[in-house]
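The values are calculated or read from the model by the stated rules, or taken from the named source; none is laboratory data. Since we're looking at a predicted model, the values are computed, not measured. Ideal geometry is used to build each Cβ from the backbone, glycine not excepted, and the neighbour counts take in all protein chains shown.
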Amino acid sequence: MPEILASTFVLAVNDLGESRKFYIEKLGFAEDLCVDGWSFLSRGACKLRLGHCPDAVPMSKAQDHSWFAYLHVQDACGLYEEIVKNGVAIWHKLADKPWGMREFAVVTPDGHRIVFGERLPVQTDPRSES
(Lines give C-alpha, C1' and ligand atoms only; values in the text may rest on other atoms or scores of the structure.)
Protein backbone atom coordinates (compact mmCIF):
# COMPACT_ATOMS: atom_id res chain seq x y z
CA MET A 1 0.00 0.00 0.00
CA PRO A 2 1.43 3.43 -0.87
CA GLU A 3 2.51 5.47 2.16
CA ILE A 4 1.90 9.09 3.05
CA LEU A 5 5.39 10.48 3.66
CA ALA A 6 4.60 13.88 5.16
CA SER A 7 1.76 16.29 5.76
CA THR A 8 1.23 20.00 5.35
CA PHE A 9 -1.65 21.91 6.88
CA VAL A 10 -3.18 24.65 4.73
CA LEU A 11 -4.91 27.36 6.76
CA ALA A 12 -6.97 30.35 5.70
CA VAL A 13 -6.03 33.35 7.84
CA ASN A 14 -7.62 36.80 7.94
CA ASP A 15 -4.39 38.70 8.58
CA LEU A 16 -1.37 36.98 7.07
CA GLY A 17 1.12 39.28 8.80
CA GLU A 18 -0.36 38.75 12.25
CA SER A 19 -0.66 34.98 11.82
CA ARG A 20 2.84 34.68 10.34
CA LYS A 21 4.27 36.63 13.29
CA PHE A 22 2.36 34.41 15.77
CA TYR A 23 3.65 31.14 14.33
CA ILE A 24 7.23 32.43 14.07
CA GLU A 25 7.56 34.42 17.30
CA LYS A 26 5.20 32.52 19.59
CA LEU A 27 5.30 28.91 18.34
CA GLY A 28 8.88 28.81 17.02
CA PHE A 29 8.20 28.08 13.36
CA ALA A 30 10.60 29.18 10.61
CA GLU A 31 9.48 30.74 7.36
CA ASP A 32 10.63 28.64 4.41
CA LEU A 33 9.02 30.74 1.68
CA CYS A 34 6.91 33.87 1.40
CA VAL A 35 5.07 34.68 -1.83
CA ASP A 36 2.16 36.99 -2.55
CA GLY A 37 -0.66 35.96 -0.22
CA TRP A 38 1.14 32.92 1.22
CA SER A 39 3.61 32.05 3.98
CA PHE A 40 5.14 28.56 4.07
CA LEU A 41 6.31 27.65 7.58
CA SER A 42 7.89 24.67 9.32
CA ARG A 43 8.97 23.44 12.71
CA GLY A 44 10.45 19.98 12.69
CA ALA A 45 8.16 17.66 10.73
CA CYS A 46 5.19 20.06 10.84
CA LYS A 47 4.64 22.11 7.69
CA LEU A 48 2.09 24.91 7.36
CA ARG A 49 0.86 27.00 4.46
CA LEU A 50 -0.90 30.14 5.63
CA GLY A 51 -3.10 31.69 2.97
CA HIS A 52 -4.29 35.29 3.24
CA CYS A 53 -8.10 35.19 3.12
CA PRO A 54 -9.29 38.49 4.62
CA ASP A 55 -12.97 37.79 3.95
CA ALA A 56 -13.04 34.20 5.27
CA VAL A 57 -15.09 33.53 8.38
CA PRO A 58 -12.48 33.17 11.14
CA MET A 59 -12.19 29.76 12.78
CA SER A 60 -12.97 31.41 16.12
CA LYS A 61 -16.59 31.48 14.89
CA ALA A 62 -16.59 27.71 14.14
CA GLN A 63 -16.40 26.60 17.80
CA ASP A 64 -15.86 22.82 17.98
CA HIS A 65 -14.78 22.58 14.36
CA SER A 66 -11.77 24.86 14.74
CA TRP A 67 -9.32 22.02 15.55
CA PHE A 68 -6.84 21.48 12.77
CA ALA A 69 -3.94 19.46 14.16
CA TYR A 70 -2.78 17.06 16.81
CA LEU A 71 1.01 17.35 16.76
CA HIS A 72 3.04 14.55 18.32
CA VAL A 73 6.03 16.06 20.09
CA GLN A 74 9.08 15.16 22.08
CA ASP A 75 9.28 16.90 25.50
CA ALA A 76 5.75 18.26 25.88
CA CYS A 77 6.72 19.85 29.22
CA GLY A 78 9.58 21.82 27.64
CA LEU A 79 7.43 22.93 24.71
CA TYR A 80 4.63 23.95 27.06
CA GLU A 81 7.05 26.10 29.10
CA GLU A 82 8.39 27.71 25.90
CA ILE A 83 4.92 28.52 24.60
CA VAL A 84 3.65 29.87 27.93
CA LYS A 85 6.77 32.05 28.21
CA ASN A 86 5.97 33.41 24.73
CA GLY A 87 2.50 34.49 25.89
CA VAL A 88 0.42 32.09 23.81
CA ALA A 89 -3.24 31.64 24.84
CA ILE A 90 -3.52 28.17 26.36
CA TRP A 91 -6.78 26.43 25.60
CA HIS A 92 -6.07 23.28 27.66
CA LYS A 93 -3.27 23.23 30.23
CA LEU A 94 -0.60 20.53 30.18
CA ALA A 95 -2.04 17.32 31.62
CA ASP A 96 -1.60 13.57 31.48
CA LYS A 97 -4.61 12.00 29.79
CA PRO A 98 -6.10 8.54 30.38
CA TRP A 99 -5.36 7.62 26.73
CA GLY A 100 -1.63 7.63 27.49
CA MET A 101 -0.69 11.10 26.27
CA ARG A 102 0.69 14.20 27.99
CA GLU A 103 -0.89 17.05 26.09
CA PHE A 104 -1.89 20.69 25.95
CA ALA A 105 -3.70 22.89 23.44
CA VAL A 106 -3.37 26.44 22.14
CA VAL A 107 -5.49 28.85 20.15
CA THR A 108 -4.08 30.88 17.23
CA PRO A 109 -5.08 34.49 16.45
CA ASP A 110 -7.60 33.18 13.89
CA GLY A 111 -9.11 30.73 16.38
CA HIS A 112 -7.50 27.55 15.04
CA ARG A 113 -6.85 25.08 17.84
CA ILE A 114 -3.71 22.95 17.98
CA VAL A 115 -3.10 20.09 20.40
CA PHE A 116 0.46 19.03 21.22
CA GLY A 117 0.92 15.55 22.70
CA GLU A 118 3.69 13.25 23.90
CA ARG A 119 3.22 9.55 24.54
CA LEU A 120 3.55 8.71 28.23
CA PRO A 121 5.85 5.87 29.28
CA VAL A 122 4.01 2.56 29.56
CA GLN A 123 3.14 1.86 33.18
CA THR A 124 3.29 -1.68 34.49
CA ASP A 125 0.71 -2.87 36.95
CA PRO A 126 2.54 -3.55 40.25
CA ARG A 127 0.03 -6.32 41.03
CA SER A 128 1.30 -8.31 38.01
CA GLU A 129 4.88 -8.44 39.33
CA SER A 130 4.20 -11.02 42.06
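Please enumerate the residues belonging to the range 96-117 that are over 27 Å from ALA12 (Cα atoms) and of a type in the set (D, E, K, R). Passing the criteria: ASP96, LYS97, ARG102. Just one of the listed residues (VAL35, VAL122) is farther than 25 Å from ALA6 by Cβ, without any contact (Cβ under 8 Å) to a residue 40 or more places away in the chain and surrounded by fewer than 16 Cβ atoms within 10 Å (Cβ to Cβ), namely VAL122.
Please determine whether any residue of the range 81-95 is crowded, with 17+ Cβ neighbours inside 10 Å, of a type outside the set (Lys, Arg) and farther than 24 Å from VAL13 by Cβ. The answer is yes; a qualifying residue exists. If you check GLY51 against the conditions, is it in contact (Cβ under 8 Å) with a residue 12 or more places away in the chain, assigned to a strand (DSSP E or B) and more than 16 Å from the chain's Cα centre (by Cα)? Yes: the conditions hold for GLY51. Does the range 56-83 hold any residues that are more than 15 Å from PRO109 (Cα to Cα) and without any contact (Cβ under 8 Å) to a residue 12 or more places away in the chain, and which are they? Listed by number, the residues that qualify are ASP64, HIS65, GLY78, GLU81.
Among residues of the range 2-25 that are in a helix (DSSP H, G or I), those with a beta-carbon under 8 Å from a residue that is of a type in the set (Ser, Thr, Tyr) and modelled with pLDDT under 95 at least six positions away or on a different chain give the pairs SER19/THR108; PHE22/THR108; TYR23/THR108. LEU71 satisfies every condition listed in (1) part of a strand (DSSP E or B); (2) modelled with pLDDT of 95 or more except (2).
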